[in-house]
Amino acid sequence: MTTSTTKARSATIDTPIGPFTVIVIIDTDGTPTVLASGWTDSTGELLPLIAPDLRPSKVEAVDHIDGVTDRVIAYHRGDLHAIDDVAVAQHSGEFLEHAWDVLRAVPAGSPVTYTEFAAKSGRPRAVRAAGSACSKNAAALFVPCHRVVPSTGGVGHFRWGPPVKNWLLAHEASN
């Protein structure tokens with residue numbers, strides 16, 4: 001699907017760890033599909049993360065997006081499963097797309113190591129590729145790359161910063 005002429009919507013909401021912005025396209029039946037998201041108030045920071053064949057030509061800022069922003073708020077309030085079935089569209093190579101699907105199956109509160117994530121993705125020796133899947137993930141939270149941690153301890157890298165990743169992991173561990 002080429003969306004270079006597709007219009008998208010974006011909304012920014014306040015969360016306990018800062019502003020969270022999401023960019024979506026709305027299907028003809030009204031279903032929102034997340035193209036990119038993260039803890040920023042800048043749509044311009046998110047647009048380059050979207051694959052060129054999905055990147056919209058225009059983005060309309062709105063206050064909320066039914067079926068998305070309400071679920072982000074619910075997640076941050078403790079309903080960790082509120083985001084589980086929100087539709088996401090990302091394009092890349094076969095391994096990355098499969099790895100992103102695998103990430104969506106990692107349960108909240110049960111982080112995995114990069115080595116475990118590589119194995120779950122079907123390539124146990126491809127730990128660097130697993131890390132790449134996390135770093136290239138445009139749909140933060142909905143594709144929970146924050147649930148992948150180094151086997152040596154700590155939280156590792158995260159596009160939105162270690163404090164955000166620490167908060168997310170602690171939030172999921174306590175609910």
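We did not get these values from a lab; they are worked out from the coordinates using the rules stated. Just so you know, these numbers come straight off a predicted model, no measurement behind them. So basically every Cβ, Gly included, is an ideal-geometry build from the backbone, and we count neighbours across all protein chains shown.
Quick notes on this structure:
- Unit Cα scatterers, Debye sum, the range 94-174: log10 I(q)/I(0) for q = 0.16 Å⁻¹: -0.50
- Restricted to Cα atoms, the chain shows a radius of gyration and a Dmax of 15.4, 46 angstrom.
- Using the average count of surrounding beta-carbon atoms within 10 Å as a protection proxy, the listed peptides 165-171, 102-108 rank, highest first, as 165-171, 102-108.
- Against the chain, whose longest principal axis is taken from its Cα atoms, helix 94-104 shows a tilt of about 80°.
- Take the Cα of His64, go 7 Å toward its beta carbon, and the backbone nitrogen atoms of the range 31-51 under 16 Å from that spot belong to 32.
- FRET efficiency estimate (nearest 0.05) - Cβ-Cβ, Ser135 to Ser57, R0 22 angstrom: 0.25
- To the nearest ten degrees, helix 162-174 and the longest principal axis of the Cα atoms of the chain are 80 degrees apart.
- FRET efficiency, Ala74 to Arg128 (Cβ-Cβ, R0 30 Å, nearest 0.05): 0.30
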